[in-house]
Amino acid sequence: MDIDIRQIDYRNPSQAQDLVNLLDAYARDPMGGGEGLADPVKQNLAAALAELDHAFSLIAYRADQAVGLVNCFMGFSTFSCEPLVNIHDVVVSAPYRGQGVSTLLLAAVEAIARERGCCKLTLEVLEGNSVAQAAYRNFGFNGYQLNSETGRALFWQKPIKP
């Protein structure tokens, strides 16, 4: 499969629409919560991301069709005193799943992270998403623990807006 990975220019209307369409499709999927994005999110997401100097997104295209997306944010590891990349969203359109699109996207993110001197990539994955977990493990991701006595790391959230 001939896939082209491009870093999104959030101010490019076509790429911005591809970003919103892919993310909305993911949000509608059971693994994305089962509800589409709210209209204000659809209308403002690309412009809001363009204002964040620590955000970048990549889209996978097959011919001119957007088939995959990753949204990433730069972070910082205090234990390593080095930057990191957090992969916030990984989206592959249903007809293209299982064809290596996510691996190509993750490899492109890793290349950017290496260029930026990052110490690691991080991401979160749902406990019940065994397909994504397998893909991430195949790429080299794993859960972690600092020591066996304190257990594995958990990713939690506390919403502060309704």
Roughly speaking, what is the centre-to-centre gap between region 96-138 and region 66-85 when only Cα atoms are used, to the nearest Å?
-> 11 Å
Write out the GluC sites (Glu not before Pro) in region 56-162 meeting two conditions: DSSP loop, and at most 16 other Cβ atoms within 10 Å of their Cβ.
-> Glu124, Glu127, Glu149
Taking R0 as 22 Å and r as the Cβ-Cβ distance between Tyr61 and His88, the FRET efficiency 1/(1 + (r/R0)^6), rounded to the nearest 0.05, comes to 0.60
Shape call for the chain from the C-alpha gyration tensor, a ≥ b ≥ c root eigenvalues: rounded (a/c under 1.5), prolate (a/b greater than b/c) or oblate?
-> rounded
Would you please state which residues of region 86-118 a label at Phe73 would reach in this model, taking the label point 7 Å out along Cα→Cβ and a backbone N cut-off of under 15 Å?
-> 86-90
Loop-only check: which chymotrypsin sites (Phe, Trp or Tyr not before Pro) in region 31-86 are DSSP coil with at most 15 other Cβ within 10 angstrom?
-> Phe79
What ³J(HN,Hα) values, in whole Hz, does the Karplus curve 6.51 cos²θ - 1.76 cosθ + 1.60 give for region 40-51 when θ = phi - 60°, with x put for Gly and Pro?
-> x, 5, 4, 6, 10, 4, 4, 5, 5, 5, 4, 7
Per DSSP H run of at least 4 residues, take -39500 (n - 2.57); add these up for the chain, divide by its residues and hand me the 222 nm value, nearest 500 deg cm²/dmol.
-> -10500 deg cm²/dmol
Can you give the FRET efficiency for Leu52 and Arg137, using 1/(1 + (r/R0)^6), R0 = 22 Å, r = Cβ-Cβ distance, to the nearest 0.05?
-> 0.15
Which FRET efficiency value, to the nearest 0.05, do you get for Ser148 and Lys120 by plugging their Cβ-Cβ distance into 1/(1 + (r/R0)^6) with R0 = 22 Å?
-> 0.60
Taking neighbour counts of Cβ atoms within 10 Å as a proxy for exposure, in what order, fewest first, do Ser93, Ser77, Ser102 appear?
-> Ser77, Ser93, Ser102
What ³J(HN,Hα) values, in whole Hz, does the Karplus curve 6.51 cos²θ - 1.76 cosθ + 1.60 give for region 26-34 when θ = phi - 60°, with x put for Gly and Pro?
-> 5, 4, 6, 6, x, 6, x, x, x
Mind pulling the angle between the C-alpha long axis of helix 101-115 and the longest principal axis of the chain? Nearest 10 degrees, somewhere in 0 to 90.
-> 60 degrees
Of Asp39, Asp9, how do they rank once you tally other Cβ atoms within 10 Å and put the fewest first?
-> Asp39, Asp9
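Taken together, the values in this text are just the output of simple stated rules run on the coordinates, not laboratory data. Note that the coordinates shown come from a computational prediction; the quantities given were computed from them, not determined experimentally. Don't worry about glycine lacking a Cβ; one is built from the backbone with ideal geometry, like all the others, and counts go over all protein chains shown.
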